[in-house]
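What follows is a set of notes on a single structure, which appears directly below.
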Amino acid sequence: MGSLGYVGRSLPAIRGKGHIATALTSLLLKAGAFPILEGEMAAGHRLRLDCRVPSHCWAFFSGKYDEATRSALLSFLLPGGTALDVGANIGFYTVPMAAFAAKIGASVVAFEPVATYMRRLRYNLALNGCANVTVYETALGDQCGEVEIVLAEDFLAGGTVGNATIADPGVYGPQFSRTTVRLETLDNLWMQGRIDVIKLDIEGHEAKFLAGGANTIAVHRPVILLEVNRWHYEKQRVDFDAAIPALLPDKYIFAELRAGRIVQINSLAQCSEADVLLIPEERMR
């Protein structure tokens with residue numbers, strides 16, 4: 001399996017490269033290859049990955065994970081500021097964010113409620129010597145207490161990590177495992193320094209995070225990289241394109257990354273990508 005990653009990172013960007021990686025990995029796993037490996041990423045860090053999970057497989061094969069999007073977000077992180085990784089998972093964003101932050105004298109705070117992810121996150125941070133990261137084993141929403149979270153699709157394939165989402169009984173049936181996690185609000189938790197940027201990827205719970213962090217976001221006015229996951233909101237009978245703007249402070253704009261450039265769009269409904277940047281007008285360049 002290790003040689004597969006080396007070959008994959010050496011290949012040029014060809015059409016269907018991801019499908020090739022998935023197919024080859026599947027064959028090797030069926031032949032008994034060990035699925036959990038450490039991969040060298042293009043940005044220079046290493047991650048322990050579970051190749052039974054498609055996103056991990058592709059990261060191992062290519063050495064890449066949201067390179068351009070992450071760079072766009074980090075361009076707004078300034079010396080002395082803090083980057084939040086909300087929904088840190090195993091550290092796909094946290095680790096390279098920490099490396100960038102260390103170079104400019106900034107810091108990173110990561111939030112991850114699922115214990116299996118947290119163990120892998122801490123391992124990956126230690127693997128890369130990330131000393132400027134504070135981690136919280138909690139979900140962030142619009143209330144404090146405990147909440148049930150579903151270990152979703154990738155876990156059915158046997159992976160130890162994957163996607164997790166705060167439970168919706170009408171969407172996820174009994175075949176999915178569940179666990180109870182701690183829930184906090186950003187407003188209740190945040191007593192630290194200036195927040196410059198937030199990466200927000202919590203599988204349909206983003207609106208509740210914004211509601212529970214409204215005061216903090218209004219004070220710090222961070223740039224937010226938000227996952228666009230309309231499917232989860234449709235299941236909740238919530239209009240994503242209307243709900244998110246209503247929860248933002250005044251004078252925030254929407255932007256997408258197009259051909260490596262941050263391009264303003266008129267409304268969230270125009271977003272055609274998997275992620276959107278929410279940017280205070282005064283920080284738009």
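Could you grab me the full set of residues in the stretch 150-165 that are at pLDDT 70 or above and within 23 Å of residue 108 (Cβ to Cβ)?
Once the filter is applied, which keeps residues that are at pLDDT 70 or above and within 23 Å of residue 108 (Cβ to Cβ), the stretch 150-165 yields 163, 164.
Would you point out which residue out of 116, 138, 134 is surrounded by 14 or more Cβ atoms within 10 Å (Cβ to Cβ), at pLDDT 95 or above and in the same structural domain as residue 102 (by TED's automatic domain parsing)? Reasoning before the result, please.
On the way: 116 fails: at pLDDT 95 or above; 134 fails: surrounded by 14 or more Cβ atoms within 10 Å (Cβ to Cβ).
Checking each option against the conditions leaves just 138.
Pick from 93, 123: which is among the hydroxyl-bearing types (Ser, Thr, Tyr), at pLDDT 95 or above and crowded, with 17+ Cβ neighbours inside 10 Å?
That would be 93, the only listed residue that is among the hydroxyl-bearing types (Ser, Thr, Tyr), at pLDDT 95 or above and crowded, with 17+ Cβ neighbours inside 10 Å.
Condition first: touching a residue at least 24 places away in the same chain (Cβ under 8 Å), surrounded by fewer than 17 Cβ atoms within 10 Å (Cβ to Cβ) and either outside any loop (DSSP other than H, G, I, E, B) or under 16 Å from the mean Cα position of the chain (by Cα) (or both). Now tell me which residues in the stretch 232-241 satisfy that.
Scanning the stretch 232-241 gives 235, 241.
Going through the stretch 70-129 one residue at a time, which ones are at positive phi and in a helix (DSSP H, G or I)?
Looking only at the stretch 70-129, we keep the residues that are at positive phi, and these are 80, 87, 89, 91, 105, 129.
Residues satisfying the conditions do not exist here.
Tell me which residues, restricted to the stretch 242-257, are exposed (fewer than 12 other Cβ atoms within 10 Å of the Cβ) and within 19 Å of residue 73 (Cα to Cα). Can you show your working first?
Taking the stretch 242-257 and keeping what is exposed (fewer than 12 other Cβ atoms within 10 Å of the Cβ), we get 246, 250-251.
Answer for the stretch 242-257, where residues must be exposed (fewer than 12 other Cβ atoms within 10 Å of the Cβ) and within 19 Å of residue 73 (Cα to Cα): just 251.
When you scan the stretch 258-273, how many residues do you find that are crowded, with 17+ Cβ neighbours inside 10 Å and closer than 13 Å to residue 228 by Cβ? First the steps, then the outcome.
So the first thing to find is which residues in the stretch 258-273 are crowded, with 17+ Cβ neighbours inside 10 Å, and the list is 262, 265, 268, 271.
With the extra rule that they be closer than 13 Å to residue 228 by Cβ, the set shrinks to 265, 268, 271.
Qualifying residue count for the region: 3.
Among 183, 226, 257, which is part of a strand (DSSP E or B), within 16 Å of the chain's Cα centre (by Cα) and in contact (Cβ under 8 Å) with a residue 40 or more places away in the chain?
Details: 183 fails: within 16 Å of the chain's Cα centre (by Cα); 257 fails: within 16 Å of the chain's Cα centre (by Cα).
After applying the criteria, what remains is 226.
Could you give every pair whose Cβ atoms fall below 8 Å, whose first residue belongs to the stretch 204-223 and is closer than 17 Å to residue 251 by Cβ, and whose second residue is basic (Lys, Arg) and not in a helix (DSSP H, G or I), counting only separations of at least 6 or pairs across chains?
Sorted first by the residue in the stretch 204-223, then by its partner, the pairs are 220/194.
Take the residues in the stretch 186-203 that are in a loop (DSSP other than H, G, I, E, B) and without any contact (Cβ under 8 Å) to a residue 60 or more places away in the chain, then tell me which one is surrounded by the fewest Cβ atoms within 10 Å (Cβ to Cβ). Before you say what the answer is, go through the steps one by one.
Of the stretch 186-203, the ones in a loop (DSSP other than H, G, I, E, B) are 190-194, 201-203.
Retained after the next criterion (residues that are without any contact (Cβ under 8 Å) to a residue 60 or more places away in the chain): 190-191.
Details: 190: 20, 191: 6.
If we take residues in the stretch 186-203 being in a loop (DSSP other than H, G, I, E, B) and without any contact (Cβ under 8 Å) to a residue 60 or more places away in the chain, then 191 is surrounded by the fewest Cβ atoms within 10 Å (Cβ to Cβ).
The values are calculated or read from the model by the stated rules, or taken from the named source; none is laboratory data. These numbers come from a predicted model, not from an experiment. When we count neighbours, we look across all protein chains shown, and the Cβ atoms used for this are built from the backbone with ideal geometry, even at glycine.
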